[in-house]
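Engineer: This is the structure I want to talk about, given as structure tokens.
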Amino acid sequence: MTIIKLTKRQEEILLIVKKDGPITGKQIADKLSLTRATLRPDLAILTMAGSLEAKPRVGYYFNPNTELKKHAADIASQIVNDYKAHPIVVQKSTSVYDAIVQIFLEDVGTLYAVDKNGFLSGVISRKDLLRAAIGNTNLEELPVSVIMTRMPNIVTVKPEETLLDAAKKLIHNHIDSLPVVRESETEPNMIEVIGRITKTTITRAYAEMLEI
């Protein structure tokens, strides 16, 4: 999403039109103590950008979608690292029974499985646990490593990516949670889990930015 950076004068024009519109170009120029010719390029830019609408013999009026687009652009540019939540991690040797208990105690939809060195090994969802529980009587003996999604099928997000990047991954892959990861400084091709991003995370961020 491309957002045009407005000049101070263009910001002033938007405020005038938002407050007093519909308003003619001459009236805007008078309020700014400028000539209409001087304002013509600014009005053209704001109109082409969709910030203003113009009607003959009526004047300029504010496009209410402008603020919505700005809010959308603001949230899209926010960095994952600023919104990530604490990851809920279990050892890959953990039993399915204990994982079920953990997922309900923590009230989350996804667990991340790690190896003995703390590196990401797999992802376990509620569906994985439900599928394992159906028809299995020895859940305390069955390790999550048997049912978890493994690399390279794990979809991850890095802390420097944006919330828009994260949202696209969640939607495209039909999942509810992304582990936020970083590459290990000591072990090549291994990654550490440092957080999680969920659909709820993104919804909460959007609500906060709109001050709901």
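Engineer: Ignoring ligands and nucleic acids, what accessible area does residue 35 show with a 1.4 Å probe (Å², nearest 10)?
Structural biologist: Roughly 80 Å² of residue 35 is accessible to a 1.4 Å probe.
Engineer: Going by Cα centres, segment 93-110 and segment 194-208 are how many Å apart?
Structural biologist: 21 Å
Engineer: Which residues' amide hydrogens lie under 5 Å from the amide hydrogen of residue 191, considering only partners 5 or more residues apart or on another chain, with H built in the peptide plane?
Structural biologist: Here the answer is 120, 184, since their amide H atoms fall under 5 Å of that of residue 191.
Engineer: Quick one: how many Å² of residue 172 are accessible to a 1.4 Å probe, rounded to 10?
Structural biologist: Probe radius 1.4 Å; accessible area of residue 172 about 140 Å².
Engineer: What full-extension length gain, to one decimal in nm, is calculated for residue 98 and residue 130 as 0.36 nm per residue of separation minus the Cα-Cα distance?
Structural biologist: Once the chain is fully extended between residue 98 and residue 130, it gains 10.2 nm.
Engineer: On a 31 Å Cα-Cα criterion, which of the cross-link pairs 116/158; 92/158; 18/168; 92/199 come out too long?
Structural biologist: Too far apart for the 31 Å limit: 18/168.
Engineer: Separate question: For residue 19 and residue 200 in one chain, what is 0.36 nm times their gap in residues minus the Cα-Cα distance, to one decimal in nm?
Structural biologist: 61.6 nm
Engineer: Which of these, 103, 23, 175, has the largest mean-square fluctuation under a Gaussian network model of the chain (Cα springs below 10 Å)?
Structural biologist: 23
Engineer: Still on this structure, please answer the following. Between residue 187 and residue 149, with labels modelled 7 Å along Cα→Cβ, what's the label distance in nm to one decimal, could you check?
Structural biologist: It works out to 2.1 nm between the two label points.
Engineer: Which order do 40, 126 take when ranked by solvent-accessible area (1.4 Å probe, heavy atoms of all protein chains), largest first?
Structural biologist: Order by accessible area, largest first: 40, 126.
Engineer: Rolling a 1.4 angstrom probe over the protein chains, ignoring ligands and nucleic acids, what is the accessible area of residue 83 in square angstrom, nearest 10?
Structural biologist: Estimated to the nearest 10 Å², residue 83 gives 60 Å².
Engineer: Right, next: I need the shape label for segment 128-212. Rule: rounded when a/c is under 1.5, else prolate if a/b > b/c, else oblate, with a, b, c from the alpha carbon gyration tensor.
Structural biologist: Note, shape of segment 128-212 comes out oblate.
Engineer: Mean residue ellipticity at 222 nm from the helices of the chain, using -39,500 (n - 2.57) per DSSP H segment of n ≥ 4 over the full residue count, to the nearest 500 deg cm²/dmol?
Structural biologist: The per-residue figure over the chain is -12000 deg cm²/dmol.
Engineer: Here is a follow-up. Leaving ligands and nucleic acids out of the surface, order 161, 11, 208 by accessible area at 1.4 Å, largest first.
Structural biologist: So, going from the largest accessible area down, we get 208, 11, 161.
The values are calculated or read from the model by the stated rules, or taken from the named source; none is laboratory data. Bear in mind that the values here come from a model prediction, so they are computed numbers and not experimental data. No Cβ is skipped: glycine too gets one built from the backbone with ideal geometry, and neighbour counts run over all protein chains shown. For the accessible areas, the whole protein counts, side chains as well, though only heavy atoms, and no ligand, DNA or RNA atoms are used. Shrake-Rupley method; radii C 1.70, N 1.55, O 1.52, S 1.80 Å.
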